[in-house]
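The values are calculated or read from the model by the stated rules, or taken from the named source; none is laboratory data. No experiment lies behind these values; they were computed from the predicted model shown. Using ideal geometry, Cβ is built from the backbone for each residue, glycine included, and neighbour counts are taken over all protein chains shown.
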Amino acid sequence: MKTEFYSEINSEVLDHCGKIIRDGGLVCFPTETVYGLGADAFNPEAVNSVYEAKGRPHDNPLIVHISELSEAESVTAMTEVERERFGKMAEAFWPGPLTMIVTKKDTVPEEVSCGLKTVGVRLPSHTVARDFIKAAGTPIAAPSANSSGRPSPTLASHVMEDLEGKVDAIIDGGSCQVGLESTVIDLTGEVPCILRPGGITLEMAKKVLPDCTQLEWKEEEISAEEKIAPKSPGLKYKHYAPKAKTVILQGEPPKVAERIHWALENAEKRGVKAAAMVSSELKECFTVENVVALGSRNDGEAQAAALFKVLRDFDAQGIEEVYAEAMPEDGVGFAVMNRMYRAAGCKMLPVRYVEFVCTGNTCRSFMAEYILRSMLEKRMADGDIEAVAIKVSSSGVFADAGCAGSQMAEEVLHIEYDIDGRGHRARAFTYDIGEKADVILCMTEGHKLAILRCFPEFESKVFTLGEYGNGQDVQDPFAGSYMTYSRCADQIRSLIENGIF
Ligand code: AMP
Ligand code: MG
């Protein structure tokens with residue numbers, strides 16, 4: 001199929017595209033959220049071809065777009081409660097980036113609702129979208145105009161990338177203002193519930209419907225019930241997946257910046273193409289080109305408008321690994337993090353600074369630092385890039401700062417672990433070191449007590465490595481034989497494997 005492309009929009013073009021819809025064809029059109037892939041909502045065959053064009057699973061319903069409020073009547077059969085909620089929300093947020101789920105009319109085909117008794121309806125604010133729907137003379141069922149599994153399109157060129165040859169026409173309306181898909185709110189339940197966060201936030205919805213709630217989307221917060229029977233079928237799919245492996249790093253900004261620096265350097269050593277997306281504040285810490293700013297840390301709107309384009313640009317550049325800074329989850333930032341979370345395979349990693357502590361920082365904590373770092377590097381090399389979240393260093397409670405590691409420890413590291421520890425220099429444990437650490441792992445109970453005597457405020461984060469790894473204290477190999485050191489290193493390795501991974 002040849003796809004017509006219209007970058008100049010006038011009434012002739014819209015009438016022509018409206019006719020394509022009436023004839024059962026597919027037209028991609030701009031909205032304020034993302035581009036939509038539209039078909040006549042009352043034509044089951046046309047609606048079916050939307051699923052085919054996108055490669056969308058047949059159990060993920062489509063949103064019906066209308067050009068004016070009264071048109072909602074043609075697709076809905078609302079209960080009293082739904083009608084009241086619907087009226088209030090429409091008054092407050094329509095036209096705009098809000099989809100409302102209510103009971104559907106029987107005439108809305110199964111193909112739109114995927115067998116549900118409900119339908120999602122939206123009145124977009126984008127004038128081209130509304131004029132186009134009006135020209136079609138029928139409500140338009142439209143999901144986002146991307147191939148299923150790819151980030152939603154915020155530019156007509158994104159639509160071309162995914163759907164050229166699979167749709168009849170594309171209307172180019174420039175870049176989408178919101179940049180994320182609409183907020184989806186279910187009005188059919190006991191209380192109204194936001195199923196998908198978006199430009200209309202929970203706080204905004206609560207001003208109109210005070211008992212409104214929001215579905216959890218972080219793995220650890222999703223209820224068992226919701227996992228078995230999701231309220232919004234589409235939410236079980238991992239949308240927005242870029243081609244690159246993506247990790248989100250959460251923590252104090254300087255620590256996140258340090259980890260991203262390390263990750264990009266590490267990727268370069270491995271010959272892997274990596275990039276980062278961060279707030280404009282964090283971007284200041286970088287001079288390299290492959291770190292892209294999404295917007296100011298507290299400007300969720302700007303981040304939303306940029307996110308999908310940045311992900312698509314990374315794909316186009318052949319980026320294989322993406323390191324992202326977690327943004328604050330207030331306002332629209334909540335929706336931004338929801339999409340980023342899905343792009344990252346539903347995981348967010350807190351950055352963890354691990355500090356190993358022994359007496360002189362020349363044997364045990366020195367070996368522990370180098371062994372853990374080498375494990376982390378090996379994981380990165382094997383493609384398990386979540387290892388990036390851990391930073392490791394070491395120090396001693398009575399260290400002679402600047403001393404090299406003991407010769408025997410160096411030898412064991414070299415011979416048994418293929419690690420070059422010659423660059424190590426001892427550090428004395430200080431308040432600043434402890435303050436920066438997220439977890440302080442001591443070789444013995446004695447070291448732990450020594451730290452807590454001076455710095456009781458670290459109580460909650462000081463452990464012995466034995467406690468952490470479910471084993472014994474690590475005794476001092478000092479002045480022992482090669483065998484003594486080798487056993488000590490082996491004990492450390494096994495405690496790290498039990499306790500940290
Ligand atoms: P998309 O059109 O790609 O933005 O996806 C539409 C989203 O709205 C998906 O997450 C659907 O699961 C959700 N949705 C559409 N209609 C309904 C409905 N009747 N009930 C629940 N969720 C719906
Ligand atoms: Mg979509």
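In region 127-162, what residues are within 13 Å of ligand 1 (Cβ to nearest atom) and at positive phi? 149, the sole residue that qualifies.
Determine whether residue 107 is within 16 Å of ligand 2 (Cβ to nearest atom) and either of a type in the set (Val, Ile, Thr) or over 23 Å from residue 214 (Cβ atoms) (or both). Lay out the reasoning, then the answer.
On the way: within 16 Å of ligand 2 (Cβ to nearest atom): no; either of a type in the set (Val, Ile, Thr) or over 23 Å from residue 214 (Cβ atoms) (or both): yes.
Criteria not met by residue 107.
Pairing each residue of region 139-161 that is of a type in the set (Ser, Thr, Tyr) with any residue that is part of a helix (DSSP H, G or I), provided the two are 6+ apart or on different chains, yields C-beta distances under 7 Å for 147/54; 147/162; 148/54; 152/308; 154/308; 154/309. Looking only at region 398-426, residues that are outside any helix (DSSP H, G or I) and either touching a helix residue (DSSP H, G or I) at 6+ places or on another chain (Cβ under 7 Å) or closer than 14 Å to residue 489 by Cα (or both) come to 8 in all. Considering 128, 112, the condition of being of a type in the set (Val, Ile, Thr), within 16 Å of ligand 2 (Cβ to nearest atom), within 31 Å of the chain's Cα centre (by Cα) and not in a strand (DSSP E or B) is satisfied by 112 alone. Return a yes/no flag: does region 184-202 have any residue that is aliphatic (A, V, I, L, M), under 26 Å from residue 27 (Cβ atoms), within 13 Å of ligand 1 (Cβ to nearest atom) and touching a residue at least 60 places away in the same chain (Cβ under 8 Å). Scanning region 184-202, I find at least one residue that is aliphatic (A, V, I, L, M), under 26 Å from residue 27 (Cβ atoms), within 13 Å of ligand 1 (Cβ to nearest atom) and touching a residue at least 60 places away in the same chain (Cβ under 8 Å), so the answer is yes. For region 12-54, the tally of residues that are of a type in the set (D, E, K, R), within 16 Å of ligand 2 (Cβ to nearest atom) and touching a helix residue (DSSP H, G or I) at 6+ places or on another chain (Cβ under 9 Å) stands at 2.
For the structure I just gave you, tell me whether residue 257 is in contact with a strand residue (DSSP E or B) (Cβ under 9 Å, 6 or more places away or on another chain), within 16 Å of ligand 1 (Cβ to nearest atom) and either among the basic types (Lys, Arg) or in a helix (DSSP H, G or I) (or both). So residue 257 fails the test.
So, residue 345, is that one under 12 Å from the mean Cα position of the chain (by Cα) and not aromatic (Phe, Trp, Tyr) or not? Spelling it out, residue 345 is indeed under 12 Å from the mean Cα position of the chain (by Cα) and not aromatic (Phe, Trp, Tyr). Scanning region 471-501 for residues that are buried (at least 16 other Cβ atoms within 10 Å of the Cβ), modelled with pLDDT under 95 and either under 11 Å from residue 371 (Cβ atoms) or among the polar types (S, T, N, Q) (or both) returns a single hit, 500.
Only one of these is surrounded by fewer than 17 Cβ atoms within 10 Å (Cβ to Cβ) and on the phi < 0 side of the Ramachandran plot: 379, 373. Name it.
Values: 373 fails: surrounded by fewer than 17 Cβ atoms within 10 Å (Cβ to Cβ).
Going through 379, 373 in turn, just one is surrounded by fewer than 17 Cβ atoms within 10 Å (Cβ to Cβ) and on the phi < 0 side of the Ramachandran plot: 379.
Could you say whether any residue in region 166-188 is of a type in the set (Asp, Glu), out of contact with any helix residue (DSSP H, G or I) (no Cβ under 6 Å at 6 or more places or on another chain) and over 24 Å from residue 58 (Cβ atoms)?
Residues of region 166-188 that are of a type in the set (Asp, Glu), as a first pass: 168, 172, 181, 186.
Now narrow it down to the ones that are out of contact with any helix residue (DSSP H, G or I) (no Cβ under 6 Å at 6 or more places or on another chain): 181, 186.
Retained after the next criterion (residues that are over 24 Å from residue 58 (Cβ atoms)): none.
So far as region 166-188 goes, no, none of its residues is of a type in the set (Asp, Glu), out of contact with any helix residue (DSSP H, G or I) (no Cβ under 6 Å at 6 or more places or on another chain) and over 24 Å from residue 58 (Cβ atoms).
Rundown of residues vs (1) at positive phi; (2) surrounded by fewer than 17 Cβ atoms within 10 Å (Cβ to Cβ); (3) within 13 Å of ligand 1 (Cβ to nearest atom), yes/no style:
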site	(1), (2), (3)
34	no, no, yes
61	no, no, yes
69	no, yes, no
84	no, yes, no
95	no, no, no
101	no, no, yes
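When the criteria are applied in full, residue 312 meets the requirement of being buried (at least 19 other Cβ atoms within 10 Å of the Cβ), touching a helix residue (DSSP H, G or I) at 6+ places or on another chain (Cβ under 9 Å) and of a type in the set (D, E, K, R). Counting residues in region 338-347 that are under 30 Å from residue 441 (Cα atoms) and surrounded by fewer than 21 Cβ atoms within 10 Å (Cβ to Cβ) gives one or more. Candidates 21, 66: the one that is aliphatic (A, V, I, L, M) and over 31 Å from the mean Cα position of the chain (by Cα) is 21.
Check every one of the helices (runs of 4 or more DSSP H) wholly within region 148-232 and list those with 3 or more residues that are more than 16 Å from ligand 2 (Cβ to nearest atom) and buried (at least 23 other Cβ atoms within 10 Å of the Cβ). Spell out the reasoning first.
Numbers: elements: 156-163, 202-208, 224-228.
In region 148-232, there are no helices (runs of 4 or more DSSP H) which contain 3 or more residues that are more than 16 Å from ligand 2 (Cβ to nearest atom) and buried (at least 23 other Cβ atoms within 10 Å of the Cβ).
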